[in-house]
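Q: Supplied in structure tokens, the structure appears directly below.
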Amino acid sequence: MKSTYISILTVAVMSLPVISCSNDNDPQLTHRDWDTTTWFAPTDEASPSTFYKPAVGYVADPMPFYDPKAGDFKIMYLQEYRPNQSGTYHPFWCVSTKDGASYQSLGEMIPTGSIEEQDAALGTGSVYYNEADQTYYTFYTGHAYRPDITGYGEMVMLATSKDFKTWTKDRALLVGGGDVYSHSDFRDPMVFKGDDGKFHMIVSTKKSGKGVIAEYVSDDLRNWDMAGDFMNMMWDRFYECPDVFKMGDWWYLVYSEMHDAIRKVQYFKGRTLEDLKACTANDAGLWPDGHEGFLDSRGLYAAKTASNGQDRYIWGWCATRAGEDNTAQLEWAGTLVGHKLIQHEDGTLTLGEIPAVAAKFGNAQTPKLKSVEGTANLNGDQLTMEGEAAAVFGRLDKHSRISFTVKTTGDEDNFGVSFGRAGDVDKWISLVVNAEGVSNRKINMEQQGPAGIGFLGNQDGYLFERPIDNVYRVTIVVDNSVCAVYINDKVSYTNRIYGMAQNCWSINSYGGKLEISDLTVQSY
């Protein structure tokens, strides 16, 4: 696939007003001429309003659960400051949301321990509300700064609350690897109730140097008995932030693979818990679908789910990039991003847009074509493109939602979108729906333009089946520098792209013929 373009040609007859940014109150923007294709440095908000980031610091390792008492989702997370305090860091902070589209900060919930205690630093865990004693239980990882004092680098610890405001640490409850599991890798406890009526806790750890998920069972959430290995981790992999739940007739394990070559959120499925456990027995690799259970791109990590009994959502963090450089590797921690979990008839899972997020974008606008390359013709909301072509549209707001439908005429035609395009730049970021043979597609991230370096490694999505009718229904949600792409309820692609907001964007053809309809841009 070719990845270069000729220079943008401004079409005089198409010099129409561009999308306004009337919500901008930054005095630095007052004198900008928005009716140009000149590159503008974006002015990201301290905290986005479609997704969530605290005004100070970043979100890491979200731990969502549905609070039946309050009737909302609460999402604990590790508060990442950059820099963190030495030795004692990552206290649990929390946000609440009714719908996954608006968030309220609840501040710090569980503080770190002292420098000499087992929980000098906190690590991922899970929250469970026990109706029997009307108590909230948060199980978390205690990272010792002085394991020579405690004897363990990591242990599972507990804090409880009656009102979800005041939390008490139970210093008597400590679950460690003992003589079976690692003392230094023993983390990310997740508690769920099984079909047997017992409480189950799974822990990511190692056994004889190989990654495993250990299982413990309890009748009262306080006294835990070792139940052996829940699941082996295949090869040299390590499954972080495991999340076990039942959805309909299927049991699932959602996890984040920390291996640097993968570093994505994946899942396994089984009709029973035993079937689920067998997915990795003897490194079998009984994948749940045709793309190894990947749920999103490398841009989403440490994602876990929660359900209100009707819908199940998943929250992870979208990483930042050092120096706000789109070609730099992703950093640890970032912005809280939520998606809706979609269960298909065969039990497979994909991610889609949260309905309340879509409803948030109430200001619909007619996209304004600013320039074209090659053959691109716009008639209302109908766009046709042939060969190597690009249709460049006016500026995006900080919060934008783009939607359109693409029909390709060939089974191997590629298309994509670009962000941060301008008449005075020679490189920009593109997301390319790339043909991987006739049957499969994958979203790649590229730096295109005359000075672009092309494909950006470790930023691509996962394989998905080409639609039989070659029709792609595309939705793109932009919140400052966070981008979430959805295609046909089959594909989710989350990533960090600086320079999207307040700059032009384009739809691109890479050969063949495209028919694009229902083109809409919304904002709020």
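Q: Quick one: is LEU378 more than 30 Å from ASP424 (Cβ to Cβ) and either touching a His at 6+ places or on another chain (Cβ under 9 Å) or part of a strand (DSSP E or B) (or both)? I'd like the intermediate steps shown before the answer.
A: On the way: more than 30 Å from ASP424 (Cβ to Cβ): no; either touching a His at 6+ places or on another chain (Cβ under 9 Å) or part of a strand (DSSP E or B) (or both): yes.
Considered against the rule, which asks whether it is more than 30 Å from ASP424 (Cβ to Cβ) and either touching a His at 6+ places or on another chain (Cβ under 9 Å) or part of a strand (DSSP E or B) (or both), LEU378 comes out as no.
Q: I'm checking my understanding of the structure. Among residues of the stretch 150-175 that are open to solvent by 70 Å² or more (accessible area, probe 1.4 Å) and part of a strand (DSSP E or B), which one is nearest to VAL254 (Cα to Cα)?
A: Across the stretch 150-175, the extreme among qualifying residues is LEU174.
Q: Any residue in the stretch 37-55 that is under 16 Å from GLY316 (Cα atoms) and charged (D, E, K, R) sitting within a Cβ distance under 9 Å of a residue that is surrounded by fewer than 19 Cβ atoms within 10 Å (Cβ to Cβ) and at pLDDT below 95? List the pairs, counting only those 6 or more apart or interchain.
A: So the pair list comes out as LYS53/GLU45; LYS53/ALA46; LYS53/SER47.
Q: Output the number of residues of the stretch 176-208 satisfying the condition of being farther than 25 Å from HIS90 by Cα, part of a loop (DSSP other than H, G, I, E, B), open to solvent by 20 Å² or more (accessible area, probe 1.4 Å) and of a type outside the set (Asp, Glu).
A: 5
Q: Please determine, by comparing only the residues of the stretch 461-496 that are part of a loop (DSSP other than H, G, I, E, B) and buried (at least 22 other Cβ atoms within 10 Å of the Cβ), which one is nearest to the chain's Cα centre (by Cα).
A: For the stretch 461-496, the residue satisfying everything is GLY461.
Q: Considering the stretch 419-452 alone, what residues qualify as being open to solvent by 30 Å² or more (accessible area, probe 1.4 Å), more than 22 Å from PHE40 (Cβ to Cβ), in contact with a strand residue (DSSP E or B) (Cβ under 9 Å, 6 or more places away or on another chain) and in contact (Cβ under 8 Å) with a residue 24 or more places away in the chain?
A: Within the stretch 419-452, GLU436, SER439, ASN440 meet the criteria.
Q: Which condition breaks for LYS340 when tested against (1) open to solvent by 20 Å² or more (accessible area, probe 1.4 Å); (2) touching a residue at least 40 places away in the same chain (Cβ under 8 Å); (3) more than 17 Å from the chain's Cα centre (by Cα); (4) under 17 Å from TYR252 (Cα atoms)?
A: Unmet for LYS340, out of (1) open to solvent by 20 Å² or more (accessible area, probe 1.4 Å); (2) touching a residue at least 40 places away in the same chain (Cβ under 8 Å); (3) more than 17 Å from the chain's Cα centre (by Cα); (4) under 17 Å from TYR252 (Cα atoms): (3).
Q: Residues of the stretch 241-262 being open to solvent by 30 Å² or more (accessible area, probe 1.4 Å) and of a type outside the set (Gly, Ala, Ser), which ones? It would help to see each step written out before you state the result.
A: So in the stretch 241-262, the residues open to solvent by 30 Å² or more (accessible area, probe 1.4 Å) come out as 246-250, 258-261.
Correct list: LYS246, MET247, ASP249, TRP250, MET258, HIS259, ASP260.
Q: Looking at the stretch 209-218, is at least one residue open to solvent by 10 Å² or more (accessible area, probe 1.4 Å), β-branched (Val, Ile, Thr) and farther than 13 Å from THR280 by Cβ?
A: yes
Q: What single numbered condition from (1) small (Gly, Ala, Ser); (2) within 25 Å of THR138 (Cβ to Cβ); (3) buried (at least 18 other Cβ atoms within 10 Å of the Cβ) fails to hold for ALA227?
A: Going through (1) small (Gly, Ala, Ser); (2) within 25 Å of THR138 (Cβ to Cβ); (3) buried (at least 18 other Cβ atoms within 10 Å of the Cβ) one by one, ALA227 breaks only (3).
Q: Can I ask one more? What's the number of the condition GLN134 fails, among (1) open to solvent by 60 Å² or more (accessible area, probe 1.4 Å); (2) in contact (Cβ under 8 Å) with a residue 60 or more places away in the chain; (3) under 27 Å from the mean Cα position of the chain (by Cα)?
A: The failed condition is (3).
The values are calculated or read from the model by the stated rules, or taken from the named source; none is laboratory data. Computed from a predicted structure; not experimentally measured. All Cβ positions, even for glycine, are placed from backbone atoms using ideal geometry, and neighbour counts span all protein chains on display. Heavy atoms of the whole protein, side chains included, go into the accessibility calculation; ligands, DNA and RNA do not. Shrake-Rupley method; radii C 1.70, N 1.55, O 1.52, S 1.80 Å.
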